[in-house]
Amino acid sequence: MPLSRTLLADLERIVGAGGLVRSYEGRLVYESDMHTFYKGAPDVVALPTRTDQVVAIVRLCRAERVPIVPRGSGTGLIGGAMAPQGGVMIGLNRMDKILEIDLPNRCATVQPGLINLFLTRAVANRGYFFAPDPSSQMVSSIGGNVSTNAGGPHCLKYGITTNHVLGLELVTGTGEAVRLGGKVVDRPGYDLMGIAVGSEGTFGIVTAVTVRLLHAPEAVRTILASFVAIEDASEAVSAIIAAGMIPAALEMLDEMMIRAINEGSNAGYPKDAAAVLLIELDGPLAEVMAQSERAAQICWERGALEVRMARDDAERALLWKGRKEAAGAVGRLAPTYLLQDAVVPRSKLPTIMRELIAIGARHRVRIANVFHAGDGNLHPLILYDDRNPEELERAKAANEELLNACIAMGGTVTGEHGVGLDKAKNLPLQYADADLNFMYRLRRAFDPETIMNPGKLLPSHPACGEGFRPARPRVPDGAWI
Amino acid sequence: MSVAGRSVGKAFVAIAGRDGVRDDEPARAAAAVDGLVPRWVVRAASLEQVSQVVALAHEAALAVAPRGSGSALELGCPPARLDVALDLCGLDRVVEYNPADVSITVEAGITVSALAARLAPHRQFLALDPPGASTRTLGGIAATNASGPLRARYGTMRDLLLGVRFVQADGVLTWGGSKVVKSVSGYDVPKVMIGALGTLGVLGELTLRLHPLPDAERSWLVRLPSAEAAQAFVERVVDSSLQPNRLEYLGEQVLEAVFPGPTSSAVAVSIGSVEEAVVEGGERLAALAKAEGAQILPVPDAFWSDAERALTPSEGEALLQIASLAGRLATTQRAIVEAVRAGAPRARVWTSCCAPLGTVRVRLADTDLAMTTAITKRLRDEVAEIGGSVVIARGPSALRAAVDPWGPVDAGALALMRALRDDLDPKRVLNPGRFVGGL
């Protein structure tokens, strides 16, 4: 349904003609996030620069029940920042200021459009950093990180975005700007901030974020260990965790990934390795020295082909280079891929890797792996040629089977990318009707008319519009009244 | 008691068995909350029983107060109603523990010491040390969001709770979160259950992140002439590469109780890591202390439990929890001293502050209702401009009836909380009246 002329005129009055993208070509830019499989351009894109503009836009849309989709840098991987039902997209890129850096209290307040890495750059010279480090951190916005509760390689030790958010300013689905949390911790009341982080724009629009800053570790040591069998690498991961270490990062690459990376860059991963582990330890120097020796020893004990320890920052960067180029390198293997990020309990890593190989063989698809092994967070890239529809079907079937296998092992549908449009249908694998109903109710408190990013995160239920109705437990009959 | 009342009692017996339901005077009196005596005390033996008890209460419009060890019943406003005290201590099983996952799923009634005993052989621990932790239940700690000095390094329940199974106000058994250390599938339900005092659901099962026990751990006390000097020292530590487990400012009375000496302020520090890093950390700490002109001495591990004991209020005393900022450590300490001097000059006051966060626990003795009220209000004014809070975590019922124990909550946020509570528990079955804004 096209937007009314009055709505467009009102939007223009709020953000100015220069803050509105109305042309077809202009809107096409916003039709998908990095999961280009899902496309849906908004009817118009508004680019506010202030919170009161966001409030005005939401109130306007609410009055006409027009869907609103917030968007940061559009680097999400889940079909989140796109508009399957059309409506108004609110692009937050112009709200990109650092509002305050408060080092005595080790926090900063920023606007949502600020690029993740820019915050660390602003405080690095004083020895601080912002911990969440999604691979997209050079381009993704902090608002987007908050929206998806983004993770990254180093969240094994440091936790995901939610562990670093102290406060939010949120414009709810009713157009109220509310402050949740703040610089001071332990605010009495329900932790609404805690559920707003990761709500993928379905509660409202984040217009300011207060985040923790951490003191940079004294020492960092990176180890690259290669193995002839992926099982050995998986066992090494389990052994390192069992030895009482919490590495900052513990990443694994499989044979197919190693080959693709080696073909395209000089990362120099061993050619005959079936698996590579990247282990990074950080903290006080004495701790890092002791633990990195121990980690290296564990790798040798598990039959490592080679264990390399970076001696300086340049060598560290080289060891990481291949890992960071992984997603790009896959292009050498196949035109397209399906990516998911299910998690299994860490002890199940060897089992799921065997299962994954079997699933690939069963569906005749190649699966390349590069993932956060330390927390059991898989990132299988299921390769296919999009010119062959039958191959896509096989890739999808393999993907579903793998997801089911992860859940059966006690895992979760998504570890860090989020749900979006892509995985909403998969949530019932993990949650019963009662669990989903509870989530609907959380959402309803913030957005009673379901205008905020509709169709994302929660699955729609065929039987009733408002969500899943759980069965009440039976009270023993006849005993009373 | 009415006929209907008797039949409800029979229904509870049908659910929890004859031994699980008490309606005799002594049992009911022992389960009273702020003088309100429940009509039944039901001890559930399983999560299914909890679900059925709450469903029954919901149908009969009864008010349920879930309880663990009963150590935090003085947190919050006096309840509006109370019919059923639901004792969860029988739910004390470990549901799933695979040490290689460094996480565990337990029933909510398990105590911290029982859990610790299960974890110790695997050199793992749950990094939570709220006051009186050993006999407290995990469910109670989650419902009250309790924490202690270890939060300086490991955070609070919100950093450790991965998944939660709970019973909603209508008895529906619900699960939120996940059993793995990293998950963003759906809303982060565990967060909203923490500190909610059971008003959004009765906590039944928790999946928790664990940590490896450090190879070595040692503690030191750094004596400083004033709170200002203590703050300067803390800033040096925080701005260094040291990674302390605890970094706790201790006020005069606590020091007098546990480590009498020449100064009125001190910072207690513990470092846990591999042996060589602990030794080296201790040396650096000494250097930082020297730079501040302070005296540093090693203290035994028991120091922490001694300090905890000094902070534990006796019957009739009050415990305030102040949330301020790290950068205002000294300001806040001075405000406490001044508020006490103005409101209750003869009062005794013990303070302890998680220095990197600026959260303070204040034990007040020898004050009356009017004095504690005045002190609380004055401190609330003090932290209002920074968005801080002062919660009466313990105190006589009369005190918590006279002054809102939670303090003011931002109107916009409170409206959302009310909408949520109204939607999930319109009949106010779960802990009516005890939470913020009388929810």
Exercise. Find the residue count for the range A:251-289, including only residues that are farther than 18 Å from A:Val307 by Cβ, surrounded by fewer than 19 Cβ atoms within 10 Å (Cβ to Cβ) and within 14 Å of chain B (Cβ to nearest Cβ).
Key: 1
Quiz item: Any idea which of B:Gln321, B:Gln243, B:Gln333, B:Gln253 is out of contact with any Asp or Glu (no Cβ under 6 Å at 6 or more places or on another chain), within 14 Å of chain A (Cβ to nearest Cβ) and either within 15 Å of B:Val362 (Cβ to Cβ) or at pLDDT 95 or above (or both)?
Solution: B:Gln321
Quiz item: Got at least one residue in the range A:126-133 being under 12 Å from the mean Cα position of the chain (by Cα) and surrounded by 20 or more Cβ atoms within 10 Å (Cβ to Cβ)?
Solution: yes
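Looking at A:Arg364, A:Arg387, A:Arg443, which is the one that is more than 25 Å from A:Pro84 (Cα to Cα), in contact (Cβ under 8 Å) with a residue 24 or more places away in the chain and over 17 Å from the mean Cα position of the chain (by Cα)?
Step by step, each of A:Arg364, A:Arg387, A:Arg443 is checked, and only A:Arg364 is more than 25 Å from A:Pro84 (Cα to Cα), in contact (Cβ under 8 Å) with a residue 24 or more places away in the chain and over 17 Å from the mean Cα position of the chain (by Cα).
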Practice problem: Quick one: which residue in A:Lys348, A:Lys396 is of a type in the set (D, E, K, R) and either within 15 Å of A:Glu231 (Cα to Cα) or crowded, with 24+ Cβ neighbours inside 10 Å (or both)? | Solution: A:Lys348
Quiz prompt | Unmet requirement for A:Met193, which otherwise passes all of (1) within 30 Å of B:Leu119 (Cα to Cα); (2) touching a residue at least 24 places away in the same chain (Cβ under 8 Å); (3) of a type in the set (A, V, I, L, M, F, W, C) | solution = (1)
Quiz item: Name the residues in the range B:91-107 that are away from every other protein chain (no Cβ under 14 Å) and either within 28 Å of B:Ala307 (Cβ to Cβ) or in a helix (DSSP H, G or I) (or both), would you?
Solution: B:Val106
Quiz item: Do we have any residue at all in the range A:232-245 that's surrounded by fewer than 23 Cβ atoms within 10 Å (Cβ to Cβ), away from chain B (no Cβ under 13 Å) and closer than 30 Å to A:Gly360 by Cα?
Solution: yes
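Yes or no, residue by residue, for (1) outside any strand (DSSP E or B); (2) farther than 28 Å from B:Ala72 by Cα; (3) not assigned by TED's automatic domain parsing to the domain that holds B:Tyr154:
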| residue | (1), (2), (3) |
| --- | --- |
| B:Val254 | yes, no, yes |
| B:Pro260 | yes, yes, yes |
| B:Ser270 | no, no, yes |
| B:Val278 | yes, yes, yes |
| B:Glu283 | yes, yes, yes |
| B:Ala286 | yes, yes, yes |
Quiz item: Across the range B:370-392, what is the number of residues that are within 14 Å of chain A (Cβ to nearest Cβ) and crowded, with 21+ Cβ neighbours inside 10 Å?
Solution: 9
Self-check item: Criterion: touching a residue at least 24 places away in the same chain (Cβ under 8 Å), out of contact with any His (no Cβ under 9 Å at 6 or more places or on another chain) and surrounded by fewer than 17 Cβ atoms within 10 Å (Cβ to Cβ) - qualifying residue of B:Ala227, B:Ala287, B:Ala268, B:Ala257
Solution: B:Ala257
Quiz item: In the range B:399-439, which residue that is more than 9 Å from every other protein chain (Cβ to nearest Cβ) and at positive phi is surrounded by the most Cβ atoms within 10 Å (Cβ to Cβ)?
Solution: B:Asn431
Practice problem: Within the range B:42-53, identify whether any single residue is out of contact with any Phe, Trp or Tyr (no Cβ under 8 Å at 6 or more places or on another chain), within 11 Å of chain A (Cβ to nearest Cβ), without any contact (Cβ under 8 Å) to a residue 12 or more places away in the chain and over 29 Å from A:Arg187 (Cα atoms), and answer yes or no. | Solution: no
Quiz item: For the range B:182-205, what are the residues that are within 26 Å of A:Ile407 (Cα to Cα) and either in contact with a His (Cβ under 7 Å, 6 or more places away or on another chain) or at the interface with another protein chain (Cβ under 7 Å from one of its Cβ atoms) (or both)?
Solution: B:Lys182, B:Ser183, B:Val184, B:Ser185, B:Gly186, B:Tyr187, B:Asp188, B:Val189, B:Lys191, B:Val192, B:Ile194
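The values are calculated or read from the model by the stated rules, or taken from the named source; none is laboratory data. Everything numeric here is computed off the predicted structure, so don't read it as measured data. Don't worry about glycine lacking a Cβ; one is built from the backbone with ideal geometry, like all the others, and counts go over all protein chains shown.
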